[in-house]
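Chemist: Would you mind keeping the following structure in view while I ask a few things?
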Amino acid sequence: MMPSPPSESPLSLRPDEVHLWVVEPERVSEPGLLAAYHAMLSTEEQDRHSRFRFEKHRLQFLVSHALVRVTLSRYAPVRPQAWRFVTNAYGRPEIVGDALPRLHFNLSHTDGMAVCAVALDTDVGADVENSARPGQTVELADSFFSPSEVVALRSLPVERQRERFFDYWTLKESYIKARGAGLSLPLDQFAFHLEPGKPPRISFDPRLKDDPETWQFVQVRLSAEHPAAVAVRRARGLPLTVRCQRTVPLAGEGPPWFVTGS
């Protein structure tokens, strides 16, 4: 029989906060848990899971999608396997069901880490990256970042550029995911401005119609190799708290890992 999610009362979620649930997929190996995760996936998700060539990627998909379902069940009286989703034209999943709480969520995973951000009645996006990954990083900025970001990045000492690249990359990914439009939003038509001790700010090229005053961004470092960012459609200047929680779906969690905000 599949383990049940926690039975306590649904968690509350205020408009001024985002909950970021964090799991390390490669550390989940208990066969009973993995079988329970697979059983809660939809038929379509099970099919996608089976198509991954490498076991590492199958595990990341399985644990991260279980994370979404178990996390959402913390906020509503819905069993993890009962959640239904529909994707928009760009592939972003959204909850089906008008009677459910006005939950918005976003999933991101990479080697070693997966996160699920949850917010109430507003757009939210999250991105986590593995900064130790092989391949090009800083070199991509010249092709994909805004001119002001490229100048700011290249003005740093060489030994700091890789870290700053991932600051920009996670912020950009969190924004386009919160918008739900994916890479249809050109990455060079919006720019982030990073100043020590201040929250990230965003600005837009006139071709990209959006209001920078309606967005807030929070950066978090989940491990030495895992920078992450959260984007929330919330007026700049209003309080915002991101509460980060380590978890293993269906197996419990400890006290809140840390709290950060803008």
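The values are calculated or read from the model by the stated rules, or taken from the named source; none is laboratory data. Note that the structure is predicted; figures quoted are calculated from it, not measured. Note that we place each Cβ from the backbone using ideal geometry, even for glycine, and neighbour counts take in every protein chain shown. Accessible surface areas use protein heavy atoms only, side chains included; no ligands, DNA or RNA. Shrake-Rupley method; radii C 1.70, N 1.55, O 1.52, S 1.80 Å.
Chemist: Considering each residue of the range 246-262, count those that are under 25 Å from Y37 (Cβ atoms) and outside any strand (DSSP E or B), and give that number. Spell out how you get there, then give the answer.
Modeler: Keep residues of the range 246-262 that are under 25 Å from Y37 (Cβ atoms), which gives 246-257.
Those left that are additionally outside any strand (DSSP E or B): 247, 249-251, 253-257.
So the answer is 9.
Chemist: Given (1) of a type outside the set (F, W, Y); (2) open to solvent by less than 70 Å² (accessible area, probe 1.4 Å); (3) modelled with pLDDT under 95, identify the lone condition not met by L250.
Modeler: Condition not satisfied by L250: (3).
Chemist: Scanning the range 79-94 for residues that are hydrophobic (A, V, I, L, M, F, W, C) and surrounded by fewer than 19 Cβ atoms within 10 Å (Cβ to Cβ), which turns out nearest to G180 (Cα to Cα)?
Modeler: Keep residues of the range 79-94 that are hydrophobic (A, V, I, L, M, F, W, C), which gives 82-83, 85-86, 89.
Now restrict to residues that are surrounded by fewer than 19 Cβ atoms within 10 Å (Cβ to Cβ): 82, 85-86, 89.
Working: A82: 23, F85: 14, V86: 13, A89: 9 Å.
Selected residue: A89.
Chemist: Looking at the structure I just gave you, is E213 modelled with pLDDT of 95 or more, out of contact with any Leu (no Cβ under 8 Å at 6 or more places or on another chain) and closer than 22 Å to P93 by Cβ? Quick ask: steps written out before the conclusion?
Modeler: On the way: modelled with pLDDT of 95 or more: yes; out of contact with any Leu (no Cβ under 8 Å at 6 or more places or on another chain): yes; closer than 22 Å to P93 by Cβ: no.
For E213, the condition - modelled with pLDDT of 95 or more, out of contact with any Leu (no Cβ under 8 Å at 6 or more places or on another chain) and closer than 22 Å to P93 by Cβ - is not met.
Chemist: Could you please give the count of residues in the range 187-207 that are modelled with pLDDT of 95 or more and among the small types (G, A, S)?
Modeler: Qualifying residue count for the region: 2.
Chemist: If you take the residues of the range 42-61 that are open to solvent by 10 Å² or more (accessible area, probe 1.4 Å) and of a type in the set (A, V, I, L, M, F, W, C), which of them is nearest to A251 (Cα to Cα)?
Modeler: Restricting to residues being open to solvent by 10 Å² or more (accessible area, probe 1.4 Å) and of a type in the set (A, V, I, L, M, F, W, C), the top hit is L59.
Chemist: Another question, then. Select from the range 1-34 the residues that are of a type in the set (S, T, N, Q) and open to solvent by 80 Å² or more (accessible area, probe 1.4 Å) and write down the one among them that is modelled with the highest pLDDT.
Modeler: Step by step, filter the range 1-34, then rank; the result is S29.
Chemist: Identify, please: which residue in the range 149-176 is more than 17 Å from V220 (Cα to Cα) and among the basic types (K, R) and is, among those, nearest to the chain's Cα centre (by Cα)?
Modeler: The initial filter retains those residues of the range 149-176 that are more than 17 Å from V220 (Cα to Cα), namely 149-161, 176.
If we keep only those that are among the basic types (K, R) too, we end up with 154, 160.
Working: R154: 27, R160: 24 Å.
It comes out as R160.
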